[in-house]
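Novice: What follows is a single structure, and I will ask about it in a moment.
The values are calculated or read from the model by the stated rules, or taken from the named source; none is laboratory data. Since the structure is predicted, the reported quantities are computational estimates derived from the model, not experimental observations. Cβ coordinates were reconstructed from backbone atoms using ideal geometry, including for glycine residues, and neighbour counts include every protein chain displayed. Areas reflect the complete protein model, heavy atoms only, side chains present, ligands, DNA and RNA absent. Shrake-Rupley method; radii C 1.70, N 1.55, O 1.52, S 1.80 Å.
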Amino acid sequence: MGITHLLEDFGPATIVQPSSFPEISEEAMEEERAVSYENGYSAGWDDAVTAKDKETAHISATLTSSLEDLNFTYKEAQAQLIESLDPMFKVLTSAVLPDTMAATFGHHIVDQMTDMAKLHTQQPMSIFVSPGEGAAVRALLPDSFATPVQVQEDENLSAGQAYLRAGTSEREINSSGLVESIQESIEAFTYHVREDSQYG
């Protein structure tokens with residue numbers, strides 16, 4: 001005996017007729033696949049370009065910000081360096097350089113005169129210095145000049161100034177002017193650095 005009596009009967013068996021779907025040819029399916037592929041590829045490409053543009057913009061903004069921070073930090077460091085060096089510059093230009101120039105002034109005159117004597121042999125040579133500097137310069141002159149060198153004090157010259165003459169050639173030495181020029185250059189430099197750091 002079978003087991004069919006144990007199972008519930010749902011009625012007579014019905015045959016389901018296949019529904020009428022329109023038939024699609026293989027060519028149409030291939031064409032539809034190609035169009036879908038192209039659409040998907042284009043959408044993916046557009047997404048990739050958009051993502052790349054966003055990433056580039058983000059990197060550019062980050063780089064710009066970093067460069068601005070770096071530039072600001074550099075200017076701050078430069079300003080602090082100048083501020084810390086300013087006292088040294090003042091001592092250098094107000095004490096060290098003038099003392100050094102004064103100590104080497106006579107030697108510098110002799111060096112210049114020796115150079116001029118090479119070009120103007122057998123011609124009269126003269127040195128004009130400020131009052132009080134004549135004796136120190138005379139003591140430094142060597143005996144090797146072919147013609148005697150006259151050292152004269154000129155009250156129109158200030159300390160650190162001298163005029164040298166050999167024949168028709170003349171030279172001016174101005175140690176004080178050189179120190180002042182160096183001092184002005186340093187002051188102008190520190191002023192511009194402070195202005196740049198303050199106002200950008």
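Novice: Of the residues in region 150-168, how many are open to solvent by less than 30 Å² (accessible area, probe 1.4 Å) and closer than 15 Å to Ile109 by Cβ?
Specialist: Of region 150-168, the ones open to solvent by less than 30 Å² (accessible area, probe 1.4 Å) are 151, 157, 160, 162, 164, 166-167.
Retained after the next criterion (residues that are closer than 15 Å to Ile109 by Cβ): 151, 157, 160, 162, 164, 166.
Residues that pass the stated criteria total 6.
Novice: Only one of these is at pLDDT below 85, under 48 Å from the mean Cα position of the chain (by Cα) and within 17 Å of Gln112 (Cβ to Cβ): Leu164, Leu178, Leu157. Name it.
Specialist: So the residue among Leu164, Leu178, Leu157 that is at pLDDT below 85, under 48 Å from the mean Cα position of the chain (by Cα) and within 17 Å of Gln112 (Cβ to Cβ) is Leu178.
Novice: Taking the criterion of being in a helix (DSSP H, G or I) and within 30 Å of Asp143 (Cα to Cα), would at least one residue in region 72-85 satisfy it? Let's see the steps before the verdict.
Specialist: First, pick out the residues of region 72-85 that are in a helix (DSSP H, G or I): 72-85.
Next, only the ones that are within 30 Å of Asp143 (Cα to Cα) stay: none.
So far as region 72-85 goes, no, none of its residues is in a helix (DSSP H, G or I) and within 30 Å of Asp143 (Cα to Cα).
Novice: Give me the residue from region 150-161 that is in contact (Cβ under 8 Å) with a residue 24 or more places away in the chain and of a type outside the set (A, V, I, L, M) and, out of that set, farthest from Asn174 (Cα to Cα).
Specialist: That would be Gln150.
Novice: Go over the candidates Asp46, Asp115 one by one and state the one that is part of a helix (DSSP H, G or I), over 23 Å from Ala159 (Cα atoms) and charged (D, E, K, R). I'd like the intermediate steps shown before the answer.
Specialist: On the way: Asp115 fails: over 23 Å from Ala159 (Cα atoms).
Criteria check complete, one pass: Asp46.
Novice: Can you name the residue in region 118-149 that is in contact (Cβ under 8 Å) with a residue 40 or more places away in the chain and part of a loop (DSSP other than H, G, I, E, B) and is also least open to solvent (accessible area, probe 1.4 Å) among such residues?
Specialist: Looking at residues that are in contact (Cβ under 8 Å) with a residue 40 or more places away in the chain and part of a loop (DSSP other than H, G, I, E, B), I get His120.
Novice: Considering only region 88-103, I want to know if a residue exists there that is among the charged types (D, E, K, R) and surrounded by 14 or more Cβ atoms within 10 Å (Cβ to Cβ).
Specialist: Checked region 88-103: at least one residue is among the charged types (D, E, K, R) and surrounded by 14 or more Cβ atoms within 10 Å (Cβ to Cβ).
Novice: Another question about this same structure. Quick check on region 117-129. Is at least one of its residues out of contact with any Leu (no Cβ under 8 Å at 6 or more places or on another chain) and closer than 30 Å to Ser94 by Cβ?
Specialist: Within region 117-129, none of the residues are out of contact with any Leu (no Cβ under 8 Å at 6 or more places or on another chain) and closer than 30 Å to Ser94 by Cβ.
Novice: Can I ask one more? Please find, within region 169-200, the residue that is nearest to Pro87 (Cα to Cα) out of those that are open to solvent by 50 Å² or more (accessible area, probe 1.4 Å) and in a strand (DSSP E or B).
Specialist: Asn174
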